[in-house]
Amino acid sequence: MSLDLILRIGTKLILPFILLFALYVQFHGDYGPGGGFQAGVIAGGMVILIGITFGLGTAKRIAPQVMVERMVPLGVLIYAGTGVAGLLLGKNFLDYGVLGHDPVHARELGILLVELGVLITVSGTMTALFYAFVERGR
Amino acid sequence: MTAVMPHLPALQIVVPLLGAILAGFLRRGPTAFAVALAVSWLMPFIAGALLWQVLGGGSISYRLGGWQPPYGIEYRVDVFNAFVLMLVSVIGAVTMPYARRSVAFEIDEGRQAWFYCMYLLCLTGLLGITITGDAFNAFVFLEVSALATYVLIAAGRDRRALLASYQYLIMGTIGATFYVIGVGLLWVVTGSLNFVDVSARLAEAATVQPRPVITALAFLTVGVSLKLALFPLHSWLPNAYAYAPSFATTFLAATATKVAVYLLIRLYFSVFGPTLNFQKLPVSELIIGLSIAAMFAASFIAIFQTNLKRMLAYSSVAQIGYITLGIGIANKAGLTGSIVHLANHAVMKAALFLALGAVFYRIGSVKLHDLSGIGPKMPLTMAAFVVAGFGIIGTPGTVGFISKWYLAVGALNEVGWPLVLVIMASSLLAVIYIGRVVEVAWFRDPSPTCIGASDPPLSMLIPLLVLTAATIWFGIDTQWTAGIAGKAAGMLVGGLK
Amino acid sequence: MQLVKTFAEHYNYVITIFLMMAGLYIVVARGNMVKKLIGLSIFQTSVYLLYITPGKIIGGTAPILDPAFTVYSNPLPHVLILTAIVVGVATLALGLALVVRINECYGTIEEDEIFAKDDDQ
């Protein structure tokens with residue numbers, strides 16, 4: 001564990017803002033630059049920052065390895081599931097137009113769900129990659 | 001049933017994708033195998049229904065997300081890619097039961113579930129390349145299958161597999177990136193990514209801006225040729241096939257390069273064909289020259305290999321030479337030969353690699369000297385090897401003969417009799433490398449390594465025998481292979497200028 | 001003078017070609033596996049630039065319909081390249097993972113040394 005006081009306090013101060021920024025990028029993605037990929041990388045970066053300053057143990061208490069590795073397929077499942085939902089409601093695969101009462105809202109909901117899936121997969125993948133590389137050679 | 005029919009093109013991709021997710025969740029080898037088996041056995045039914053539909057009447061267009069092409073991604077099924085879909089699905093379905101014991105033997109317990117997950121992703125990618133009508137979507141699927149393939153190759157216990165996988169990653173990524181550069185240039189001049197739409201707009205673009213179109217053709221040719229291991233670009237293939245786990249080698253040898261060949265044919269005949277006058281560009285000469293070089297050089301190298309998986313890998317490079325030869329000949333008979341050889345070579349090479357996998361399962365080696373006298377110990381396995389080997393040589397009565405017959409007819413019409421002689425001469429090299437194995441396996445005293453060997457369990461033997469039977473069956477009854485390939489070739493050549 | 005003008009007007013294509021060749025050269029000429037992967041990444045980056053360049057319209061804004069704007073950039077290349085970037089990251093991560101495992105098995109990441117070790121067997 002790092003003993004540098006400034007680093008540790010600085011990290012603690014900045015953490016909530018990183019998470020908030022990730023969520024901002026996520027939900028602002030339909031009316032500005034952003035979306036699941038970027039938000040996922042930022043959220044993953046938060047866990048990596050914790051891992052670097054407070055050690056791997058702390059990072060794994062916040063984001064357990066089992067959960068992280070499940071997040072990777074879970075996000076893809078949400079994405080594919082949104083597509084299949086359109087299929088089950090009688091439209092083509094990935095057609096979100098039927099998910100709500102009118103097509104515009106339905107498409108907005110659909111893209112939010114898809115981006116949520118992307119967020120989960122990307123942040124999970126980033127964290128899992130970090131864990132995998134850090135643990136080698138121990 | 002009527003509700004499902006219109007969505008079959010999407011299901012062809014979505015089902016293996018969902019299977020891969022499920023296998024990723026389960027994390028246990030045997031359950032992941034069950035998922036992979038269920039998905040693999042479902043695929044031929046979907047592909048078969050699609051093939052039946054397109055044989056009945058015209059091509060199928062499926063709009064992803066309901067967006068109208070060329071703005072949205074379109075899945076487009078015609079006779080040609082329905083045939084390739086069927087091929088990939090059937091190979092997956094037939095070889096999958098073999099995987100359980102082979103994978104349990106060659107791959108560590110903790111990695112087996114990931115192996116099946118990657119297999120399903122690879123299947124998704126290969127089917128995706130085949131079914132999509134969108135150039136960039138094809139790139140994404142190309143990379144999905146390629147990334148899964150690198151993992152499949154590196155999954156075993158042999159450390160050389162890691163190096164082979166790394167080299168394939170470098171070459172494969174360069175190939176895919178060349179493909180994207182080509183697609184990018186086409187997009188700049190036509191403003192479209194849909195194969196049909198690009199093809200329609202290319203005529204005008206090529207008269208205004210011929211240079212980027214020809215540059216795009218060059219980039220696409222080199223990129224896809226790297227993926228399909230055309231002769232001088234094949235250096236990644238022998239090591240990757242030699243050191244990968246047996247099941248991975250079998251599946252990749254039978255499907256991955258075939259799908260890349262499909263993409264090349266699609267680009268040449270459906271996208272560029274109606275616009276570019278191939279007589280003015282030396283495309284045919286180049287492809288024929290490289291194919292002949294592949295047929296001879298790779299077969300010649302195969303003769304001197306002591307690792308039999310490596311030998312068969314070089315043989316694959318040579319056989320890909322036959323397939324691309326038909327593309328170079330570019331008339332109906334030649335292209336029929338190419339397309340039918342996609343299927344025929346897949347069946348034969350899968351049988352050969354399954355036989356070697358069974359040998360490895362029993363004696364833990366595929367070195368030639370370890371196999372001496374193994375024939376009487378594993379009679380069914382080695383008999384299957386001999387029959388499939390006859391197919392590689394091109395003996396009448398096996399599938400290899402059918403392909404070479406069409407290629408020879410095409411060569412005779414287009415180039416003349418010297419090329420026919422070349423095809424026959426190259427087959428003689430196959431006699432040497434296959435004959436060498438047959439001699440060592442059947443006519444020598446047993447080596448100490450194979451004293452206790454016997455035929456593998458039924459789950460491994462049946463896929464092998466099914467493929468061997470297919471080697472003979474489709475060598476006699478060609479209605480389902482050469483018949484459909486002929487239809488596809490007619491459609492593709494019909495679009496040529 | 002004409003040459004300089006052409007050069008200046010197409011400078012992003014010049015950069016694209018430079019990155020493409022530089023990346024490919026590193027992949028071919030270096031024996032160190034990590035350096036090869038870096039070269040591969042540079043090579044892929046050049047393609048991102050190749051796609052983004054024709055998509056930009058000078059004075060155009062992000063393609064979100066708004067009465068205040070009339071000129072929009074083409075969003076398609078950005079979407080395509082976002083996908084290509086993700087593919088590139090995945091390839092790089094997998095490549096590095098392979099290099100880590102190769103280093104564990106062989107004790108080196110120089111290609112010629114690895115070939116020498118395999119020949120010994």
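Remarks
- Answer from C:Leu82, C:Leu49 - the residue that is over 17 Å from B:Val140 (Cα atoms) and aliphatic (A, V, I, L, M): C:Leu49
- Residue in segment B:183-195 that is surrounded by fewer than 24 Cβ atoms within 10 Å (Cβ to Cβ), away from chain C (no Cβ under 14 Å) and either touching a helix residue (DSSP H, G or I) at 6+ places or on another chain (Cβ under 6 Å) or over 22 Å from B:Lys258 (Cα atoms) (or both) present: yes
- Only a single item in (1) touching a Phe, Trp or Tyr at 6+ places or on another chain (Cβ under 9 Å); (2) of a type in the set (A, V, I, L, M); (3) more than 8 Å from chain C (Cβ to nearest Cβ) is not met by B:Val144, and it is number (1).
- Number of the condition not met by C:Thr61 [criteria: (1) surrounded by 16 or more Cβ atoms within 10 Å (Cβ to Cβ); (2) more than 11 Å from chain B (Cβ to nearest Cβ)]: (1)
- If only residues of segment C:52-72 that are among the hydroxyl-bearing types (Ser, Thr, Tyr) and in contact with a strand residue (DSSP E or B) (Cβ under 7 Å, 6 or more places away or on another chain) are counted, the one that is modelled with the lowest pLDDT is C:Thr61.
- When residues of segment A:11-33 are limited to those that are within 14 Å of another protein chain (Cβ to nearest Cβ) and part of a helix (DSSP H, G or I), the one surrounded by the most Cβ atoms within 10 Å (Cβ to Cβ): A:Val25
- Candidates B:Leu142, B:Leu169, B:Leu152, filtered to the one that is within 30 Å of C:Ile109 (Cα to Cα), free of Cβ contacts under 8 Å to residues at least 60 places away in the same chain, surrounded by 24 or more Cβ atoms within 10 Å (Cβ to Cβ) and among the hydrophobic types (A, V, I, L, M, F, W, C): B:Leu169
- For B:Tyr75: the one exception among (1) within 11 Å of chain A (Cβ to nearest Cβ); (2) assigned to a helix (DSSP H, G or I): (2)
- A:Val66 being under 17 Å from the mean Cα position of the chain (by Cα) and closer than 26 Å to C:Gly88 by Cβ: no
- Answer residue from segment B:242-272, given it is aromatic (Phe, Trp, Tyr) and farther than 17 Å from B:Leu467 by Cβ and is farthest from the chain's Cα centre (by Cα) among those: B:Phe272
Conditions (1) crowded, with 24+ Cβ neighbours inside 10 Å; (2) over 19 Å from B:Glu143 (Cβ atoms), marked per residue:
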site	(1), (2)
B:Gly92	yes, yes
B:Glu106	no, yes
B:Glu109	no, yes
B:Tyr119	yes, no
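- C:Thr108 meets all of the listed conditions (1) outside any helix (DSSP H, G or I); (2) within 30 Å of C:Pro54 (Cα to Cα) but one, namely (2).
- Residues that are more than 24 Å from B:Met5 (Cα to Cα), surrounded by fewer than 18 Cβ atoms within 10 Å (Cβ to Cβ) and among the small types (Gly, Ala, Ser) within segment A:75-105 comprise just one, A:Gly100.
- For segment C:12-50, a residue qualifies if it is outside any helix (DSSP H, G or I) and either hydroxyl-bearing (Ser, Thr, Tyr) or out of contact with any strand residue (DSSP E or B) (no Cβ under 8 Å at 6 or more places or on another chain) (or both), and exactly one does: C:Arg30.
- Looking only at segment B:131-148, and only at residues there that are under 12 Å from B:Phe195 (Cβ atoms) and among the polar types (S, T, N, Q), the one that is nearest to the chain's Cα centre (by Cα): B:Thr132
- So B:Arg157, is it of a type in the set (D, E, K, R), out of contact with any strand residue (DSSP E or B) (no Cβ under 7 Å at 6 or more places or on another chain) and part of a helix (DSSP H, G or I): no
- Residue within segment B:121-137 that is surrounded by 24 or more Cβ atoms within 10 Å (Cβ to Cβ), of a type in the set (Gly, Ala, Ser) and either out of contact with any Ser or Thr (no Cβ under 9 Å at 6 or more places or on another chain) or away from chain C (no Cβ under 14 Å) (or both) present: yes
- Taken over segment B:56-98, the residue count meeting the criterion of being under 27 Å from A:Tyr96 (Cβ atoms), in contact (Cβ under 8 Å) with a residue 24 or more places away in the chain and aromatic (Phe, Trp, Tyr) is 2.
- Being at pLDDT below 90 and either crowded, with 24+ Cβ neighbours inside 10 Å or not assigned by TED's automatic domain parsing to the domain that holds B:Ile484 (or both) holds for only one residue in B:Ile329, B:Ile392, and it is B:Ile329.
- Matching residues in segment A:93-136 - criterion: being within 11 Å of chain B (Cβ to nearest Cβ) and charged (D, E, K, R): A:Asp95, A:Arg107
- Residue match in segment B:22-30 (condition: closer than 20 Å to B:Leu142 by Cβ, touching a residue at least 40 places away in the same chain (Cβ under 8 Å), touching a helix residue (DSSP H, G or I) at 6+ places or on another chain (Cβ under 8 Å) and part of a helix (DSSP H, G or I)): no
- Taken together, B:Ile91, B:Ile73 contain a single residue that is hydrophobic (A, V, I, L, M, F, W, C) and touching an Asp or Glu at 6+ places or on another chain (Cβ under 7 Å), which is B:Ile73.
- Residues of segment A:15-41 classified as without any contact (Cβ under 8 Å) to a residue 24 or more places away in the chain and among the aliphatic types (A, V, I, L, M), total: 3
- For C:Gly31: the one exception among (1) surrounded by 13 or more Cβ atoms within 10 Å (Cβ to Cβ); (2) under 27 Å from B:Met118 (Cβ atoms): (2)
- Within segment C:1-28, considering residues that are β-branched (Val, Ile, Thr) and farther than 14 Å from C:Tyr51 by Cα, the one surrounded by the fewest Cβ atoms within 10 Å (Cβ to Cβ): C:Val4
- Inspection of segment B:351-373 finds no residue satisfying the criterion of being touching a His at 6+ places or on another chain (Cβ under 9 Å), touching a residue at least 40 places away in the same chain (Cβ under 8 Å) and among the charged types (D, E, K, R).
- Residue check, B:Ile434 among the β-branched types (Val, Ile, Thr) and surrounded by fewer than 22 Cβ atoms within 10 Å (Cβ to Cβ): no
- Test for C:Ile85: is it facing another protein chain (nearest Cβ under 9 Å), closer than 30 Å to A:Ser123 by Cβ, out of contact with any Lys or Arg (no Cβ under 9 Å at 6 or more places or on another chain) and at pLDDT 90 or above: yes
The values are calculated or read from the model by the stated rules, or taken from the named source; none is laboratory data. In this text, all values refer to a predicted model and were calculated from it rather than measured experimentally. In this analysis, Cβ positions are derived from the backbone assuming ideal geometry, glycine residues included, and neighbour counts consider all displayed protein chains.
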